[in-house]
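Down below is the structure, laid out as structure tokens.
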Amino acid sequence: MAAIMATLFLSYSRRDTEFVRRLHGELVKEAFDLWVDWEGIPPADDWLRKIHAAIEGADAMVFVISPDSLASPVCHAEVTHAVQHHKRLLPVVARDCDAAALSGPHVHEAVRRLNWIFFNRPQDTFDAAVRLLAQAVRTDLPWVETHTRLLQRALEWQASGRDDSYLLVKTDLAAAEQWLASAADKEPSPTQPHSDFIVASRSAATRRQRRRTLLASTAAVLVSIGALVATWQFLLAELRRQDSLSRQLAAVAPALLDNDPALGLLLAAQAVAVSPTHEASNTLLTVLERARGVRAFLPGRFQWGTLASTADGSHLAAVRCTDGEGIDCRRARLEIWQSSPPVLLASAPVPTWVERIEFSPDDRQLAVLGCCVGPDGHPVERFTDGALHRLQVFRLPASSPASAAPAELVATSDRRLAEDQTPQALWPTPAPKTSAPPPGGLQLAVDDNRDGPTLTLWRPGPSRTRVAQLQLQPGWLHDATFRQDSRVAAAWACQPMASGRLCQDMQLGVIDASEEPAVTARYTEPWPDWISAIAVLPGVPVVLSAGCARHDYQRCGGGELRLWQARRGESVVDQPRPIPVLGGGVQGMALSADARSMALLSQDGLLSLWQVDPQRLAETDRFSSVLEVPPDPSAKPGAPAPAITCGGEPVPTPLMGLARRLREPDTLCAALAEVDAFHGKERTLLDPQIAMASADTAGRFAVGGCVDVDGPSGTCRAGRIAVWSVAQGQLNRIATFNEPAAALQVALSADGKALAASVCTPVRWRDCSDARVLLWRPDAPATQPLVLASGIQEPTALQLSANAGHFAVARCQRYADAGGADRPCALARIEWGVSLSDATRQTQSGHASFITTLAFNADGRLLASGDLEGGLGVWDLRQGEALGPVVAGPPGPVGSLRFSTTGARMVLVDDETAVQWPLDPTTWRMTACRLAMRPLSSAERDRYLRDDSAPDACQTQTSTTQRFWRWLRGMLLPA
């Protein structure tokens, strides 16, 4: 097949012509089609039109960086047009640029953000830089070429007045839809013209198909066979239309999450409701994974700085603008919400500019300070002469009403306040932030002076002792907090910009007195508003901050939470990876006293409620999955069963159930010792020294290991696998298999009639480079084993399906760069196949750690996997792909996985609890709807569905029509 020739647009300053001519010559040698303004525009042509057409027709833009190009308005306009059309931008440096040039008004943000290719450094030869540029251009070139081709056709279609003759048909349309559905992680991403063009093409194709179907249906009146054919075509066309709509929704939903999380969740749920394709299910699970920790997104938009919460987190209040937006708000209402479950309790009109709201110390009343009213009590503009601030006090509802009611107004007073006289507290006697310290407790003192805010922790008493002190750089002190149970204090401050609207050079300071001696640390970031609120988590020496992840002019591009900890011997606060927050930059945070309930208000007015587990958050820097079903806290466990040990160690968990059926448990210890040549040496999850598996229903278990080890070489001279049964309290041997290699992992089918084992000469799995997977029938021990797989390097887990029809084995595909001989796994791989077939094995990867356990569902169509870091994955073996991303489960390695009896849930089992994840699409849809707290609006349905017959994703009952199409899909389009 002929290689694809990429078209490049060269953007440069005329003063760099000599460099560009040399670069042009080298790129021509690399077989690139180049567009340069010295030869592409005839003198009589429209210059700007030609430039834009050339950019739109190019696969990528090469931007030559020099002080002159960075200061050029023309170059800036060319880069802007390329970015607007999602063109790949490849900056190359021809001449050095100083900081002043890089901060100029004509330097596009995309140029600053991307990695540059240097042609001007002594260590970089011109030829090497050209090769690096050519390699960057050719990366994923088929994707870029398709992006360019479809964009050109889309723009021609728009220029023709959206003439249907320009639209895609047949295989071109199917390929374009597949291209759009696979665009989740691709660059450049599809543009709006792409989506409109492909959607219009499908709509036209559907109309043509429906016209053909109508003609066939008319002919069917005369010919019965024609009626059957027409009906068949109509049903197939409708199913394909549903699949196409489902893929379109699945492609659009992830892109909406950052700005409108509720809409993104609803469209992902709608994609599954329309057609439960693999792409739709995968998208829905992906967006739910991105919403970890969220309990609900409250509908609508709220005003900045109007978030308040009671101390226990049971109620929260915020102000919503009901007419207008921002400073143009003409009517506003206070809303009081119950936190769990989210229910609107009461609302009341308030002034349009609310400056502060605050719950009373007893959490029974709410004060709202707003502006502005005139002397006659009627609303006036904010800076009107004689304008008064209005303080309103409302009483919280005593119970949850059936529907929202007007909030009870207790008192109203108007007062005159200067612009800089907004009170810090609205109640005469506000509750102190911290109570008197208990014996051995500490006190925080804050001195906001000219040299910079100073935090001091004191140990009170007759001889007051200073425990630690931390001084921040001069600036505005926004907040300082201390938590007695964590013995951690934190504060943040910033330098105001000249405009006064944003903060820059923001500082975070932490004092950690949880251990002696206390440590102090601070952290500074130059970008604006990366902190808007802080809190200390209870019981752990960790500070939680909320703010803006990145900033573009005076608008935050995304929100994030960060966890901070002062490390011993270090002066800089340790920061794990940021936790993204959907809905934009965080402007306000309200945390309950026990930190288990949290509310976040974004700069765009989105109010979200969160469920927090402080201990888990501190350990894993992750929130719990919204699909995770924790153990029932009301279920009281019975009396603990007596411990069964062998050689002072507890019997391994997989065998504990069968061990308790034995009248003499010591016989199990003898069975384990029979295959163990290590005699109690240290065991780990990946190196248990004894491989074991059980089929509890069948009353059988298998153990394997090495019985003769060559110590110096670490190789196994003789290995053994034994299959036992437990019946009537007795242990009975079923079969014994001897191999000249160690059994690293063993697996039993659910009925106990099939045994698989991975065997290798080295006794440590890390030393194994050529393992084999063998299959035996314990009830026919004389038969030779079937070799299921060979050449497996370093296997870590093995499993058989219930009827032994499928097997799966896990190994590490790529290790981390650091860590020595025992370095961790960076990418794990699963191989599976049909046990009694020579079919080629299929592989899949996704875990970023060693896989420790595998489990099949009852029919062998789904495979679950767990890893050493708590990651959980589910794989659809029919599609050969992952069912959603690998998610983070509870902290710690995954020791055991299974599916529920009905197969509707994946169950993570440890020694004490069983955490579950639902696997049915209906539960996924309902979870998305629960988080969104609303259905799709009429305008949203018209825009995204364009079909009144599409089912409602948030409807719990399945209609007869939906059941019919689901049955028909199973008949005509089986998975």
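The values are calculated or read from the model by the stated rules, or taken from the named source; none is laboratory data. No experiment lies behind these values; they were computed from the predicted model shown. Note: ideal-geometry Cβ built from the backbone for every residue, glycine included; neighbour counts use all protein chains shown. Surface accessibility is based on the protein's heavy atoms, side chains included, excluding ligands, DNA and RNA. Shrake-Rupley method; radii C 1.70, N 1.55, O 1.52, S 1.80 Å.
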### Query
Taking the Cβ-Cβ separation of ALA816 and ARG861 as r and a Förster radius of 30 Å, what is the calculated FRET efficiency to the nearest 0.05?
0.35
### Summary
Cross-link reach from LYS87 to aspartates and glutamates, straight Cα distance under 19 Å and at least 8 residues apart if same chain, gives ASP33, ASP37, GLU56, ASP59, GLU78, GLU109, ASP140, GLU145, GLU156, ASP185, GLU187, ASP196
### Task
Collect residues whose amide H, placed 1.01 Å from N in the peptide plane, falls under 5 Å from the amide H of PHE118; neighbours closer than 5 in sequence don't count.
VAL93
### Query
From Cα coordinates alone, what are the radius of gyration and Dmax values for the stretch 6-203 in angstrom?
17.8, 57
### Query
What spacing in nm lies between the two simple spin-label points modelled at ALA904 and ARG963, each 7 Å away from Cα in the Cβ direction?
1.6
### Task
Based on the mean of other Cβ atoms within 10 Å per residue, sort peptides 727-733, 599-605, 290-296 so the most packed one is first.
599-605, 290-296, 727-733
### Length gained when the stretch ARG301-ALA398 is fully extended (0.36 nm per residue, less Cα-Cα span)
32.3 nm
### Task
Would you mind working out the accessible area per residue for the stretch 6-203, using a 1.4 Å probe, and quoting it in Å²?
49
### Query
Quick one: if the Förster radius is 60 Å, what FRET efficiency do ASN115 and HIS278 give, using the C-beta to C-beta distance and rounding to 0.05?
0.95
### Burial order of peptide ranges 578-589, 470-481 (average beta-carbon count within 10 Å, highest first)
578-589, 470-481
### the stretch 446-493 versus the stretch 359-376: alpha-carbon centroid distance in Å
31
### Task
May I ask you to compute the full-extension gain from SER949 to ALA718, defined as 0.36 nm times their residue separation minus their alpha-carbon distance, rounded to one decimal in nm?
76.4 nm
#### Entry: Gained length - SER790 relative to ARG616, 0.36 nm times residue gap less alpha-carbon distance
58.6 nm
### Query
Points 7 angstrom from Cα along the Cβ direction at ASP696 and LEU235: gap in nanometres?
4.4
### Query
How far apart, in nm, are two points set 7 Å out from the Cα along the Cα-to-Cβ line at GLU674 and at VAL83?
7.2
